[in-house]
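The values are calculated or read from the model by the stated rules, or taken from the named source; none is laboratory data. Nothing here was measured: the structure is a model prediction, and the numbers come from that model. Neighbour counts are summed over all protein chains in view; Cβ atoms, including those assigned to glycine, are modelled from backbone coordinates with ideal geometry. Only protein heavy atoms, including side chains, enter the accessible area calculation; ligands, DNA and RNA are left aside. Shrake-Rupley method; radii C 1.70, N 1.55, O 1.52, S 1.80 Å.
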Amino acid sequence: MEQTAKTTGIKVLGIGRYVPELIATNDDFAKIVETSDEWITQRTGIKTRHITNGEPTYYLGAMAAKEAIANADIDVSDIDLIIATTVTPDFFTPSLSCLIQRELGAIGSMAMDVNCACAGFVYGVDMAKRYLQADDDVKTVLLVASEELSKFVDYTDRSSCVLFGDGAAAFVLQKKEDTIFSSFLGADGNGAKFLVSRALKSENAFRTNTQDFDMSMPETKDYFFTQDGKEVYKFATKALPNAVKKACEKAGIEPDDLDEIVPHQANIRIIETAAKNLGLSMDKFPMYIDRYGNTSSASIPLAFYDAVKDGKIKRGDKVCLVGFGGGLTYGGVVFEY
């Protein structure tokens, strides 16, 4: 492997998170569907998850952003760009990022949403770095992942309803010279049918064709989420180690040189298999799925936040964030914290 290449990257000025106060345990789910704490824990690693009690997605994101801004010790007027990642926005329009901007009072900053499913935060870090490097008008980026997955969960489907939780986390980012940074992003639309939640169906006053246009996509119960668990597992256990390897290769390092790898927290078995495929100990993978469940794009920054607070990630550490999700999307990003 060639010597580590120093380049223009990112500096994480501040981090923040917010999760709803309401917590649903595995025993709570056993009261509404045929399941048990033992069954859920053994198959997923999940013990509890936070669920909203009426709080909208933008509220979760705004609260996480406020902590990140305070942690970074900047003023909201310093924010030049807000990137919000989500698969569960409150509205088709306005965007989540604009609503977060409103709540913060950061009026005037650019604001955009990103939907790359569970890999969304990794994509967002990559986008933030590109803006910071290429645009002199963008010196500070607020990256917020906010998810309210309880919106599209079918609470009669015992195989999927136990998996998901709600929450948000945020980074304040600036440009950093002479550091490590690399990313590897991709997607495989052929697997789009494996994780699906429908938006509004195509209906209008002039429609006469009653046949669905895309017969390859599965039928869903209204807008509820559906997945092919076996196919997702096959995809994830290959995509995760591949993204880590490719991102490290571009940075001129080996996966073993990383101090921590923060994966999308979807299922403990996926991470264990991916770690084995990388030849790495699970000690390098901060895991908090037991307390949050799968929070889609928010899961990586939530795990990063807790790993920092627990002392598992320290300043100067080489970190890889790696995600995989619907689309199918995947990506890894390597940087120095």
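Taking the condition of being of a type in the set (A, V, I, L, M, F, W, C), part of a strand (DSSP E or B) and closer than 20 Å to LYS11 by Cβ, how many residues in the stretch 307-337 meet it? Can you show your working first?
Our first condition is that a residue be of a type in the set (A, V, I, L, M, F, W, C); within the stretch 307-337, this holds for 307-308, 313, 319-322, 324, 328, 333-335.
Next, only the ones that are part of a strand (DSSP E or B) stay: 319-322, 324, 333-335.
Next cut, closer than 20 Å to LYS11 by Cβ only: 319-321, 333-335.
Count: 6.
Across the stretch 121-159, which residue is nearest to the chain's Cα centre (by Cα) among those that are open to solvent by less than 30 Å² (accessible area, probe 1.4 Å), of a type outside the set (A, V, I, L, M) and closer than 24 Å to ASP228 by Cβ?
Here is the first cut: in the stretch 121-159, the ones open to solvent by less than 30 Å² (accessible area, probe 1.4 Å) are 121-122, 124-126, 128, 132, 138, 140-150, 152-154.
Add one more test, that the residue is of a type outside the set (A, V, I, L, M), and what stays is 121, 124, 126, 140, 146-148, 150, 152, 154.
Checking which are closer than 24 Å to ASP228 by Cβ leaves us with 121, 147-148, 150, 152, 154.
Working: PHE121: 5, GLU147: 9, GLU148: 12, SER150: 15, PHE152: 16, ASP154: 21 Å.
Restricting to residues being open to solvent by less than 30 Å² (accessible area, probe 1.4 Å), of a type outside the set (A, V, I, L, M) and closer than 24 Å to ASP228 by Cβ, the top hit is PHE121.
In the stretch 322-337, which residue that is touching a helix residue (DSSP H, G or I) at 6+ places or on another chain (Cβ under 6 Å) and within 17 Å of ASP256 (Cβ to Cβ) is surrounded by the most Cβ atoms within 10 Å (Cβ to Cβ)?
The selected residue is GLY332.
Please work out if PHE224 is open to solvent by 20 Å² or more (accessible area, probe 1.4 Å), assigned to a loop (DSSP other than H, G, I, E, B), touching a residue at least 24 places away in the same chain (Cβ under 8 Å) and aromatic (Phe, Trp, Tyr).
It is true that PHE224 is open to solvent by 20 Å² or more (accessible area, probe 1.4 Å), assigned to a loop (DSSP other than H, G, I, E, B), touching a residue at least 24 places away in the same chain (Cβ under 8 Å) and aromatic (Phe, Trp, Tyr).
Restricting to the stretch 59-68, name every residue that is open to solvent by 10 Å² or more (accessible area, probe 1.4 Å) and touching a residue at least 60 places away in the same chain (Cβ under 8 Å).
Matches in the stretch 59-68: MET63, GLU67.
Show the residue pairs meeting these rules: Cβ distance below 8 Å; 6+ apart or different chains; first residue within the stretch 72-101 and over 22 Å from LYS151 (Cα atoms); second residue modelled with pLDDT under 95 and surrounded by fewer than 19 Cβ atoms within 10 Å (Cβ to Cβ).
Close Cβ pairs (under 8 Å, with a partner that is modelled with pLDDT under 95 and surrounded by fewer than 19 Cβ atoms within 10 Å (Cβ to Cβ)) amount to ASP80/ASP137.
Across the stretch 272-309, what is the number of residues that are crowded, with 24+ Cβ neighbours inside 10 Å, among the aliphatic types (A, V, I, L, M) and over 12 Å from the mean Cα position of the chain (by Cα)?
Final tally of qualifying residues: 2.
Scanning the stretch 43-55 for residues that are polar (S, T, N, Q) and in contact with a Lys or Arg (Cβ under 9 Å, 6 or more places away or on another chain), which turns out most open to solvent (accessible area, probe 1.4 Å)?
Kept after step one, since they are polar (S, T, N, Q), are these residues of the stretch 43-55: 44, 48, 52-53.
Then keep just the ones that are in contact with a Lys or Arg (Cβ under 9 Å, 6 or more places away or on another chain); that gives 44, 48, 52.
Working: THR44: 6, THR48: 37, THR52: 20 Å².
This residue is THR48.
Just need a number here: residues in the stretch 259-272 that are part of a helix (DSSP H, G or I) and touching a strand residue (DSSP E or B) at 6+ places or on another chain (Cβ under 9 Å).
2
Considering only residues of the stretch 83-120 that are more than 15 Å from ALA64 (Cβ to Cβ), β-branched (Val, Ile, Thr) and in contact with a Gly (Cβ under 9 Å, 6 or more places away or on another chain), which is surrounded by the fewest Cβ atoms within 10 Å (Cβ to Cβ)?
The extreme case among them is VAL114.
Working only within the stretch 161-189, note down all residues that are more than 17 Å from the chain's Cα centre (by Cα), more than 21 Å from ALA251 (Cβ to Cβ) and either crowded, with 19+ Cβ neighbours inside 10 Å or without any contact (Cβ under 8 Å) to a residue 60 or more places away in the chain (or both).
Matches in the stretch 161-189: CYS161, VAL162.
Give LYS201, LYS193 a once-over and let me know the one that is part of a helix (DSSP H, G or I), surrounded by fewer than 18 Cβ atoms within 10 Å (Cβ to Cβ), among the charged types (D, E, K, R) and free of Cβ contacts under 8 Å to residues at least 60 places away in the same chain.
Numbers: LYS201 fails: part of a helix (DSSP H, G or I).
So the residue among LYS201, LYS193 that is part of a helix (DSSP H, G or I), surrounded by fewer than 18 Cβ atoms within 10 Å (Cβ to Cβ), among the charged types (D, E, K, R) and free of Cβ contacts under 8 Å to residues at least 60 places away in the same chain is LYS193.
Any residue that is touching a residue at least 24 places away in the same chain (Cβ under 8 Å), surrounded by fewer than 17 Cβ atoms within 10 Å (Cβ to Cβ) and part of a loop (DSSP other than H, G, I, E, B) - is there at least one of those in the stretch 250-258?
Yes; the residues of the stretch 250-258 include at least one that is touching a residue at least 24 places away in the same chain (Cβ under 8 Å), surrounded by fewer than 17 Cβ atoms within 10 Å (Cβ to Cβ) and part of a loop (DSSP other than H, G, I, E, B).
All but one of (1) touching a helix residue (DSSP H, G or I) at 6+ places or on another chain (Cβ under 6 Å); (2) over 30 Å from ARG43 (Cβ atoms); (3) hydrophobic (A, V, I, L, M, F, W, C) hold for MET127; state the number of the condition that does not hold.
If we test MET127 against (1) touching a helix residue (DSSP H, G or I) at 6+ places or on another chain (Cβ under 6 Å); (2) over 30 Å from ARG43 (Cβ atoms); (3) hydrophobic (A, V, I, L, M, F, W, C), just (1) comes out false.
Among the residues of the stretch 107-135, which ones are assigned to a loop (DSSP other than H, G, I, E, B) and either within 21 Å of PHE235 (Cβ to Cβ) or in contact with a Ser or Thr (Cβ under 7 Å, 6 or more places away or on another chain) (or both)? Even if it seems obvious, please write down each step before you answer.
Step one: of the stretch 107-135, the residues assigned to a loop (DSSP other than H, G, I, E, B) are 107-109, 115-116, 135.
Result: ASN115, CYS116.
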